[in-house]
């Protein structure tokens, strides 16, 4: 019986021992779980990851180029301007006014570059060579041209071809001529430099106009008469004309040949650009074929690669008027044969690339303007020339849309919408200064610096004011229609 009792007691005792053995690790695991530290998540994790990625990027680049990534090197300066420009663009986005389109981030990027250049300690370390700056701006110009070519809507152009053509050509040419006249008498510019300046100022900015028009179109303002569509389409043509005119006068200004030879050369370069663009455009339309994988990426790479080759390669060959025109033509011709959804994928890839180059472009332009090098009366005469040219542009734009069936308020709105300047001015503004430095023509540097100062002031004054005017005047001047009527 005792054995039996012992036997009966043993399993119970064993069970209790087993239970104790199980509870001890459980309690220890709870303590361990309380003491264990988990890695951060959310915004903190994102920030740490971003910092580490930047650090590794810096180390990888240092492995290739060495001292260029140290303070004072071009890559270090580019990184400083890029980050300052990004910060400036983000800060501008915090300024919000009810019922008004948001201020364009490019304004903050421009001011950030200006701060970098004119803050002594930062300026000493954030320096970029002229060669690097030139290539970066030319690449940004190429992306602008590709986006303009992809943004051209053949159906909208067919529907509004008469008024679109007038609005694309008239204001740009008239403002270029008026700026040439005013700069000649106010700023004492030679006539060629006056027209070169005029085509810098003559371009409207799609970066400001297009988002504002899309916002009005989504709300149903002016949709029935197609006013937002008209302005979006015309802004691309306006830029093409300004870039072509500028390149022609840049070639004439820096060439010692007679004027008639320069005019013939300009026509010759335009023919080369259009012909090359059509041929390359038809090639990209059919190669790669629709049955291939990663089709959008291949098309985007071919578009950007051929356009960059056209813009930078033509400049290296001395054919300044061919590159930009060729890039626009090849982009437009190739996209005509693509389906809408596939075209939109290519547009998205190019737009993502623009996110990187936009801060660099406007930051570099802002960094070219030095307060120390500005003469006391320079800003005053630049603002006077810009103001008079803008006044002429507004009046001419109003007259050109007077026979289109628009009401008086709608004509006023279209005229005021044609004020903003930004992207083309940022690209073209420094080119004359680069050309005078590369060809060692110090007698032209004073004019070139004034051209760049005018470009800077044009962006600073017209971009925010233009966006505000569109947002304030649009809902009051345009009829409220259904968005489906577009």
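What follows draws every value from the coordinates through simple rules; no lab data is involved. All of these numbers come straight from a predicted model, not from anything done at the bench. Positions of Cβ are generated from backbone atoms using ideal geometry, with glycine treated the same way; all protein chains shown enter the neighbour counts.
By how many degrees, 0 to 90 and rounded to 10, does the Cα axis of helix 42-65 deviate from the longest principal axis of the chain? That helix lies at roughly 60 degrees to the long axis. Within region 61-208, all pairs of alpha-carbon atoms sorted by distance into 5 Å bins from zero give the percentages 2, 8, 10, 12, 14, 16, 15, 12, 6, 3, 2, 0.
The alpha carbon convex hull volume per residue for region 83-158 rounds to 123 Å³. The angle between the Cα long axis of helix 161-186 and the longest principal axis of the Cα atoms of the chain comes to about 70 degrees, rounded to the nearest 10.
For helix 74-93, report the angle its Cα long axis makes with the longest principal axis of the Cα atoms of the chain; keep it between 0 and 90° and round to the nearest 10°. It is inclined by approximately 90 degrees. Across the chain, the relative contact order, built from alpha-carbon pairs under 8 Å that are at least six residues apart, equals 24 percent. The stretch between residue 377 and residue 437 holds 19.2 nm of extra length on full extension. This uses 0.36 nm per residue minus the Cα-Cα distance. Here the Debye sum runs over all C-alpha atoms of the chain as equal scatterers in vacuum, and log10 of I(q)/I(0) at q = 0.06 Å⁻¹ comes out as -0.33. Spin-label pair residue 93-residue 356: with each label point 7 Å from Cα along the Cα-Cβ axis, the two points sit 1.9 nm from one another.
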